[in-house]
Amino acid sequence: MILTPKIVARLVIVGIFGVLLQLTFFSQVELFHVSPDVLPALVVSFGLLGGTMTGAVSGFAIGFLLDCLLIQPLGGASLVLIAVGYAAGTFRERFEIHSRLVAPLMCAILTFLAELGFGAVEAMFGIETDVSVLVVRDILIKSIFAFFLGWAIYAGMRRLVRPALVDEATVRRTRRPTVLGA
């Protein structure tokens, strides 16, 4: 992704809108007594479209904004979402995305790991929480939500930043070998 000022402004607006949407809408919606968490899926989309640096920076910024708005110890959500964005960006830089299932699967897997990470960070901060088998069920359901929401988030993000994307297949097709002496 080529980061121009307009694309950076779009990414910032999407990040802020995503955090506000999570706090005002998705935290109030419950299906199977679990609220979906769209922020890991949003950070995965940033990482899959922009690479490691974009994924990590957006993960930090979104996590920091989330911590500030929830008035909780700063850095917990940032730490987890940095790792999520960096992992998604690493996948993008090392492998080509050939299937439409890659983004939703990455959203589901990294949301599962993010939820485990959120729990570990809360335990490190000494926040008292109840731990039971139902926590694993909730994390699995959030991962399933992330799978289905990941399609929409990734498609919307891809459409939003389309002018800045560098598609490797298109670049390879446009390069023609030069023939000397012809």
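Tell me whether segment 115-129 contains one or more residues that are part of a helix (DSSP H, G or I) and in contact with a Lys or Arg (Cβ under 7 Å, 6 or more places away or on another chain). There is at least one residue in segment 115-129 that is part of a helix (DSSP H, G or I) and in contact with a Lys or Arg (Cβ under 7 Å, 6 or more places away or on another chain).
For segment 102-140, a residue qualifies if it is farther than 11 Å from Gly76 by Cβ and acidic (Asp, Glu), and the qualifying residues are Glu115, Glu128, Asp130, Asp138. Pairs meeting the criteria (first residue in segment 122-145 and among the polar types (S, T, N, Q), second residue surrounded by 10 or more Cβ atoms within 10 Å (Cβ to Cβ), beta carbons under 8 Å, at least 6 apart or on different chains) are Thr129/Gly119; Thr129/Glu122; Thr129/Ala123; Ser143/Ala108; Ser143/Ile109; Ser143/Thr111; Ser143/Phe112; Ser143/Glu115. Among the residues of segment 52-84, those that are within 12 Å of Gly117 (Cβ to Cβ) and of a type outside the set (S, T, N, Q) comprise Gly59, Gly63, Gly76, Ala77, Leu79, Val80, Leu81, Ile82, Ala83, Val84.
Name the residues in segment 16-45 that are crowded, with 19+ Cβ neighbours inside 10 Å and of a type in the set (S, T, N, Q), would you?
At the first step, the residues of segment 16-45 found to be crowded, with 19+ Cβ neighbours inside 10 Å are 18-19, 22, 36-45.
Passing the criteria: Gln22, Ser45.
Within segment 17-44, the set of residues being over 15 Å from Thr111 (Cβ atoms) and among the charged types (D, E, K, R) comprises just one member, Glu30.
Within segment 111-144, the set of residues being surrounded by fewer than 16 Cβ atoms within 10 Å (Cβ to Cβ) and among the polar types (S, T, N, Q) comprises Thr129, Ser132.
Condition check ((1) under 18 Å from Ser27 (Cα atoms); (2) at pLDDT below 85) across all residues:
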position: Ile97; (1), (2): no, yes
position: Ala103; (1), (2): no, no
position: Gly117; (1), (2): no, no
position: Ser132; (1), (2): no, yes
position: Asp138; (1), (2): yes, no
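Figure legend. Inter-residue proximity from segment 10-35: first residues in a helix (DSSP H, G or I), second residues surrounded by fewer than 11 Cβ atoms within 10 Å (Cβ to Cβ) and of a type outside the set (Phe, Trp, Tyr), beta-carbon distance below 9 Å, spacing 6+ or different chains. No pairs are indicated. Candidates Leu48, Leu105: the one that is out of contact with any Asp or Glu (no Cβ under 6 Å at 6 or more places or on another chain) and buried (at least 19 other Cβ atoms within 10 Å of the Cβ) is Leu48. So, in segment 68-82, of the ones that are among the aliphatic types (A, V, I, L, M) and more than 10 Å from the chain's Cα centre (by Cα), which residue ends up surrounded by the most Cβ atoms within 10 Å (Cβ to Cβ)? Of everything passing the filter in segment 68-82, Ala77 is surrounded by the most Cβ atoms within 10 Å (Cβ to Cβ). Return yes when Arg92 is out of contact with any strand residue (DSSP E or B) (no Cβ under 9 Å at 6 or more places or on another chain), modelled with pLDDT under 90 and either within 18 Å of Val14 (Cβ to Cβ) or of a type outside the set (A, V, I, L, M, F, W, C) (or both) and no when it is not. So Arg92 fails the test.
The values are calculated or read from the model by the stated rules, or taken from the named source; none is laboratory data. It should be emphasised that the depicted structure is a prediction, and the values quoted were computed from it without experimental measurement. Note: ideal-geometry Cβ built from the backbone for every residue, glycine included; neighbour counts use all protein chains shown.
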